[in-house]
1. Given (1) at pLDDT below 95; (2) in contact with a Lys or Arg (Cβ under 7 Å, 6 or more places away or on another chain), where does Leu91 come up short, assuming only one miss?
2. If only one of Thr108, Thr104 is in a loop (DSSP other than H, G, I, E, B) and out of contact with any His (no Cβ under 8 Å at 6 or more places or on another chain), which one is it?
3. Only one of (1) assigned to a loop (DSSP other than H, G, I, E, B); (2) farther than 14 Å from Ile139 by Cα; (3) of a type outside the set (S, T, N, Q) fails for Gly22. Which number is that?
4. Can you name the residue in region 22-57 that is of a type in the set (Ser, Thr, Tyr) and farther than 20 Å from Ser73 by Cβ and, of all such residues, is nearest to the chain's Cα centre (by Cα)?
5. Consider Lys71 against the criteria (1) free of Cβ contacts under 8 Å to residues at least 40 places away in the same chain; (2) farther than 27 Å from Lys208 by Cα; (3) among the basic types (Lys, Arg): it satisfies all of them except one. Which criterion is unmet?
6. If I ask for residues that are surrounded by 12 or more Cβ atoms within 10 Å (Cβ to Cβ) and either in contact with a Ser or Thr (Cβ under 8 Å, 6 or more places away or on another chain) or over 20 Å from Asp163 (Cα atoms) (or both), which ones from region 91-100 would you list?
7. Kindly provide the set of residues from region 75-84 that are surrounded by 14 or more Cβ atoms within 10 Å (Cβ to Cβ) and more than 16 Å from the chain's Cα centre (by Cα), ordered by number.
8. Of a type in the set (S, T, N, Q), modelled with pLDDT of 95 or more, within 20 Å of Phe211 (Cβ to Cβ) and surrounded by fewer than 19 Cβ atoms within 10 Å (Cβ to Cβ): which single residue out of Thr8, Thr37, Thr48, Thr23 fits that description?
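The values are calculated or read from the model by the stated rules, or taken from the named source; none is laboratory data. Predicted model, so just to flag it, every value in this text is computed and none were measured. Positions of Cβ are generated from backbone atoms using ideal geometry, with glycine treated the same way; all protein chains shown enter the neighbour counts.
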Amino acid sequence: MLHSTVSTDLSEKVFTFPLDSGTANVKFTANVEQPMTALTVCMRFHSTKTRAQSLFSLAIPSESNAFLLYKPSVGVYRLHVKGAALDINGLPDETGEWNSVCWTWDSTDGLTTLWVNGKRSARKILGRAATFTGSPSIILGQDQDSYGGGFDPNQSFSGDITDVHLWNRVISPCEIRFFMEGNAFTPGNILNWNNLQYTISGTVHVEKSDFDKLSCY
């Protein structure tokens with residue numbers, strides 16, 4: 001089932017993906033200046049699954065894996081930039097707990113860094129000189145094996161996702177720490193969880209978040 005595009009403040013809300021599904025997804029509407037040569041994505045996820053899962057998928061017409069954050073297994077994060085891939089090991093991956101993730105990438109030198117729960121990876125090189133042109137298809141819950149589609153239920157996300165922000169620049173380590181710790185930070189200028197346009201397809205629910213325990217008082 002496809003729902004109409006909604007624009008709303010999702011503060012203290014989560015997208016819940018309760019099923020292993022080849023259809024359930026959330027597609028974001030983003031106003032993007034062309035071309036994109038640097039990106040930062042931050043988000044939080046909670047899942048009890050140990051199989052492969054897609055966390056964040058950005059495709060462009062010429063490349064389905066333009067900017068993909070993927071978990072092939074517990075404890076491994078796989079970064080894709082325009083089809084090139086890099087595996088990151090040794091960062092937190094708490095099954096059944098909230099994980100706060102930020103990924104930065106700059107095409108100028110290709111430097112990319114992944115942060116999880118306040119810990120960061122070594123800086124690596126991925127997608128040097130790559131640029132993203134064309135309207136991006138940005139999807140939660142599925143890995144796009146084709147532009148806007150090609151979903152595989154064995155790569156789908158199952159659990160909760162919240163606080164998704166996307167910037168067309170590399171944000172500072174201080175801003176990342178503010179995000180990780182649940183403090184005030186400058187929202188994403190491409191995707192802003194506090195003012196988000198999105199379309200839900202399939203079985204996805206918008207529920208109350210339990211990440212911030214203070215929201216119970």
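1. It is condition (1) that Leu91 fails.
2. Numbers: Thr104 fails: in a loop (DSSP other than H, G, I, E, B).
Step by step, each of Thr108, Thr104 is checked, and only Thr108 is in a loop (DSSP other than H, G, I, E, B) and out of contact with any His (no Cβ under 8 Å at 6 or more places or on another chain).
3. Among (1) assigned to a loop (DSSP other than H, G, I, E, B); (2) farther than 14 Å from Ile139 by Cα; (3) of a type outside the set (S, T, N, Q), the lone unmet condition for Gly22 is (2).
4. Initially, region 22-57 is screened for residues of a type in the set (Ser, Thr, Tyr), giving 23, 29, 37, 40, 47-48, 50, 54, 57.
Among the residues that remain, those that are also farther than 20 Å from Ser73 by Cβ are: 23, 29, 37, 40.
On the way: Thr23: 18, Thr29: 14, Thr37: 17, Thr40: 9 Å.
Only one residue fits best here, namely Thr40.
5. So the condition that Lys71 fails would be (2).
6. Leu91, Thr95
7. Step one: filter region 75-84 for residues surrounded by 14 or more Cβ atoms within 10 Å (Cβ to Cβ), giving 75-82, 84.
Those that are surrounded by 14 or more Cβ atoms within 10 Å (Cβ to Cβ) and more than 16 Å from the chain's Cα centre (by Cα): Gly75, Ala84.
8. Numbers: Thr8 fails: modelled with pLDDT of 95 or more; Thr37 fails: within 20 Å of Phe211 (Cβ to Cβ); Thr23 fails: within 20 Å of Phe211 (Cβ to Cβ).
Step by step, each of Thr8, Thr37, Thr48, Thr23 is checked, and only Thr48 is of a type in the set (S, T, N, Q), modelled with pLDDT of 95 or more, within 20 Å of Phe211 (Cβ to Cβ) and surrounded by fewer than 19 Cβ atoms within 10 Å (Cβ to Cβ).
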